[in-house]
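Undergrad: Sharing a structure below in structure tokens format, with a few things to ask.
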Amino acid sequence: MAEPAEIEVLLRLMPPETVSDTTVDWDLITESWGTAFPAAYRRFITLYGAGAIQDYLMIGEPEPWAEPATGDDNDMRAGTAFARVLWAESRKDPELAGTSPRLILWGLDSSGDNLCWDASGPDPERWPVLLYNRGEGIWRRYDCGMVEFLVRHLRGDFAGCPLGDVYLFGRGSAMFLTRTEYRRRLRSGVDPWTGEPDPYAGMFNYG
């Protein structure tokens, strides 16, 4: 089976360090959210899993929707509930004025930005990214899917950096670590991102 084109590009820019350790019941996800999720996103989770890109951009674990939406705000359920509150309370780019998107969160970064889909449309392959830039306090729309957004961000293909920090923008390549691998490296006494010995890395219990 051929990979989605954007996944093929991402695999070159960000080769997986380990296999995904995230197991998802996509039928349950579809049933609980009332929609399937984009094919490229599902493939991303299969290949990479939940984790972080360069200790900056966190991709949370897909979860079934449930009320109340409690849990780790890095993950999909609680993060989505919080993003919907932000939407109601925050400024929007003029092109979003008067719109009522159905937000589903797929990522957060260390700048406090919220990365979501507008899942209002019936075709998940056409869901755009709606991004809340916390530093500017505004929502903006990007007409691409989640994986294409990551590719364009790493390549610097947007007119300006969408996120609150330029750390990944135009970087050209990046490292992704699952949560399991991140913790394993910490416990081994090295900086997870550089591989260099870190005398403080193994001092704490990371689960």
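Nothing in this text is a laboratory measurement; each read-out follows from the coordinates by a stated rule. Just so you know, these numbers come straight off a predicted model, no measurement behind them. Please note: Cβ atoms are built from the backbone with ideal geometry, for glycine as well, and neighbour counts cover all protein chains shown.
Undergrad: Distance in nm between label sites at residue 125 and residue 46, each 7 Å beyond Cα in the beta-carbon direction?
TA: 1.5
Undergrad: Give the Rg/Rh ratio for segment 74-181, taking Rg as the radius of gyration of the Cα atoms and Rh as the Kirkwood radius, to two decimals.
TA: 0.95
Undergrad: What ranking do 109, 27 get, fewest neighbouring Cβ atoms within 10 angstrom at the top?
TA: Lowest to highest Cβ neighbour count: 27, 109.
Undergrad: Expressed as a rounded percentage, what relative contact order does the chain have, with Cα pairs under 8 Å and six or more residues apart?
TA: Relative CO of the chain lands at 21 percent.
Undergrad: Among 193, 138, 169, pick out the residue whose Cα is farthest towards the positive end of the charge dipole of segment 105-207, where Lys and Arg carry +1 and Asp and Glu carry -1 on C-beta, about the Cα centre.
TA: Among 193, 138, 169, the one farthest towards the positive end of the dipole of segment 105-207 is 193.
Undergrad: Per residue of the chain, what 222 nm ellipticity follows from adding -39500 (n - 2.57) for every DSSP H run with n ≥ 4, rounded to the nearest 500?
TA: Helix-only estimate at 222 nm: -8500 deg cm²/dmol.
Undergrad: With viscosity set to 0.692 mPa s at 37 °C, what whole-number translational diffusion coefficient in µm²/s follows for the chain from Stokes-Einstein and a Kirkwood radius over Cα pairs?
TA: Here the translational diffusion coefficient equals 186 µm²/s.
Undergrad: While we're looking at this one, here's another question. Taking the beta-carbon count within 10 Å as an exposure proxy, list 24, 19 from fewest neighbours to most.
TA: 19, 24
Undergrad: Could I ask something else about it? Return 144, 161 ranked ascending by Cβ neighbour count within 10 Å, so the fewest neighbours appear first.
TA: Going from sparsest to densest Cβ surroundings: 161, 144.
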